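As structure tokens, the structure follows; a few thoughts come after it.
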Amino acid sequence: MAAAKNELLPGTLDLLVLRVLATGRQHGYGIARRIRSASADVLRIEEGSLYPALHRMEKRAWIRAEWAESETRRRAKYYALSAAGRKQLAIETETWETFSNAVARVLGAEG
Amino acid sequence: MSVLLRAAGLFGLGPRKTRTEIACEIADELAFHLESRARELEGQGLAPEEASARAKELFGDVERTARECARIQMGGRIMLVRIQWVVIAVLVVALALVGWRQTVTRAMLLEREHALRAEAEHDRARLQEMEQVKEAVLAMSRGERLAVGEGYVPPTSSDELAARWLAELVERPEDWRHAVGIYEELLALPPDEALAALTDLWPQLSVTQKQQALKAFAFEHGHARILAVLHLGATDAALEVQAWAFQYLREYSFRNFAEDYDAYLAWAATWGGRPLDQVLAENARAFLQELWGRSPAEVEQRLRDFEDLDFRSAAKLGLDLSQVFRDAGALAMLEGWLRSPELRAEDSGLNKLAFSWAKTLAPDEAWLCAHVLPFLDDADESLAGPAARALGDPRNAWAVPELLARLERTVPGSDASNPNSADWAAASALAEIGDPSVIPALIGLIASNPGYNTVYGIGYFALGKLTGVTYDESHDGNWWIDWWGKNQGRFPPEVRALPIPGF
């Protein structure tokens, strides 16, 4: 059951990353930790899959990247939401809400 | 700003990083993640090695992730590079096309430029020629005469031909054979154009070229503008040219103007523009008229230049000048000469003159039998020979037995080593008559008395002409008998059947 609990629905990773970055700039490890903690450890992603998503969103200019010193004084790559990313976050949030509401309605109607 | 950054990110216009830099950054980023995760796990009580291993486990395939990130980072770059290569290729092709088109266009423009220049040059030359013609016409209207060298190009002759002829003639003034070739081309023009061309070339010609020009026109026999051409020669400054003109003028005037230049000028003024057949006929009559009443000695003196009458021009014009002579009483005059003691006078040319005229005037058989045939057996070779020669004409087939009889009487018993001009003349006359039936008899004559007089005299003058065999001194009677045996098939049956007589 745990495996099933950790799985993300397709397309939700981008939404989660953009949502985390909406609160401020963060490095990859920080993003993964925030998703894990915010979901009460329910949403666990294979951490390696986070980075291709970050790089893809960077190429799409949804997020910006810059190297900076981390809290451990080690050099880390930080990502921040761009204006285009903010718009994309709104679109994906609306899409997700439409989807989850539809699922909820289906579940409510059947219950 | 965000739009610019996004566009820059899309098209890779940000700070350019090398593949190695990108790989290093990815490795650094992933290492930070693993280190941070391991530290977190250590904080949860795992040993450092165990925490590191667990961090890697939670991360997944680090290498694959790194490659995937690098591919994403480089993707835009690769696409950009591909676009750049495509753009460069398109530009190169476009530049090549533009260059090729420019080259082709330049070549076409150069070609057109050359064509226009050539046309302009031709037009300029043509205009110049027209100006020269205009000046020439104006000059002629003032009674002046222009030479080719002064730029006059006769409008009635071919400009290009005249220019080429002039250039070639001026270049090779002593090459008379080359000049003859040009005159042949010139004579192919209509008579008036040929005269105009020659008139304009004339001042530029050398003496030799002028002489050959006169000869070329004269040998045309009956050229409609021959008198005008000969007038060029007769009035030329060079005496050698005048001499040639006077020689050719004899055929038309029956006079030798070398003896009287003023007489020529008067004659030219009278006859210069008259039809040529009229000139010939009337001058022939005047010529005979002038001879009447003269003694044979005076005639012989007067006619030294007219021993051989040349009626070829008249014949070309359809004029039977021998008939004109006969109608004017020439045969009666001739009879007087043949009866004259002067005929037998030593050093007199009357014998040759009389029999030459007898042949040229083409009297009928009766007249020849009455006035020429008696001389055939004359002991004087200087009379028998010319008499025999006077009979040498295809119209005189009736004379064949007479000529053969003459040879049969004289050849067999004669000294064959001693040439006899009368025998040779008789043999020659037989050849001119052209009757092949005499061949066996002539072979018999050689066989009967082989020697220089027969082997050469009959072999060369008669048999050679009748058979086409080239003379050779080895062609004696036996050789000809052998030849006859092998060549009888060439002749008609009545000739083939003839035996070779023995004498």
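The values are calculated or read from the model by the stated rules, or taken from the named source; none is laboratory data. Predicted model, so just to flag it, every value in this text is computed and none were measured. For neighbour counting, all protein chains shown are included, and Cβ atoms are generated from backbone atoms with ideal geometry for every residue, glycine included. To get the accessible areas, we keep the full protein, side chains included, count just its heavy atoms, and leave off ligands, DNA and RNA. Shrake-Rupley method; radii C 1.70, N 1.55, O 1.52, S 1.80 Å.
Of note:
- Entry comment: accessible area of segment A:12-104 is 48 Å² per residue, from protein heavy atoms only and a probe of 1.4 Å.
- Threshold 40 Å² - residues in segment A:62-100 whose accessible area is reduced by that much or more when the chain is no longer isolated, probe 1.4 Å: A:Trp67, A:Arg74
- Accessible area ranking (1.4 Å probe, heavy atoms, ligands and nucleic acids excluded), largest first, for B:Cys369, B:Cys24: B:Cys24, B:Cys369.
- Buried surface between chains A and B: roughly 2500 Å² of accessible area, summed over both sides, computed with a 1.4 Å probe on protein heavy atoms only.
- Surface accessible to a 1.4 Å probe, per residue, for the residues of segment B:208-365, Å²: 45
- Calculated FRET efficiency for the pair B:Thr103/B:Ala237, C-beta based, R₀ 51 Å, to 0.05: 0.20
- Packing-based ranking of B:96-103, A:35-42 yields A:35-42, B:96-103, ordered from highest to lowest mean Cβ neighbour count within 10 Å.
- Model label points for A:Glu94 and B:Glu473, set 7 angstrom from Cα along the Cα-to-Cβ axis, are 13.7 nm apart.
- Sparse packing (at most 16 other Cβ atoms within 10 Å of the Cβ) combined with a DSSP loop state is found for the following GluC sites (Glu not before Pro) in segment A:1-105: A:Glu7, A:Glu46, A:Glu71.
- For the listed residue pairs A:Lys77/B:Lys56; B:Lys316/B:Lys359; B:Lys316/B:Lys352; A:Lys77/B:Lys17; B:Lys210/B:Lys359, the alpha carbons are over 24 angstrom apart in B:Lys316/B:Lys352; B:Lys210/B:Lys359.
- Note on B:Ser417 and A:Glu66: their simple-model spin labels are 14.6 nm apart, each label 7 Å out from Cα toward Cβ.
- Charge dipole of the protein assembly as shown (Cα centre as origin; +1 on each Lys and Arg Cβ, -1 on each Asp and Glu Cβ, all else neutral): 6660 debye, rounded to the nearest 20.
- Modelled spin labels at B:Ala188 and A:Ser37, positioned 7 Å past Cα toward Cβ, are 11.7 nm from each other.
- Ligands, DNA and RNA left out, the accessible area of chain B computed with a 1.4 Å probe is 56% carbon and sulfur.
- Additional length obtainable on full extension of the chain from B:His114 to B:Asp327, 0.36 nm per residue less Cα span: 69.6 nm
- Taking every protein chain into account, the accessible area of segment B:374-503 amounts to 43 square angstrom per residue (probe 1.4 Å).
- Taking GluC sites (Glu not before Pro) in DSSP loop states with no more than 12 other Cβ atoms inside 10 Å as exposed sites, chain B has its longest site-free stretch at B:175-345.
- Sulfur and carbon atoms: percent of accessible area, segment A:12-104 [1.4 Å]: 52
- Solvent-accessible area lost in complex, 30 Å² minimum, residues of segment A:15-48 relative to chain alone, 1.4 Å: A:Tyr29, A:Arg36, A:Glu46, A:Glu47, A:Gly48
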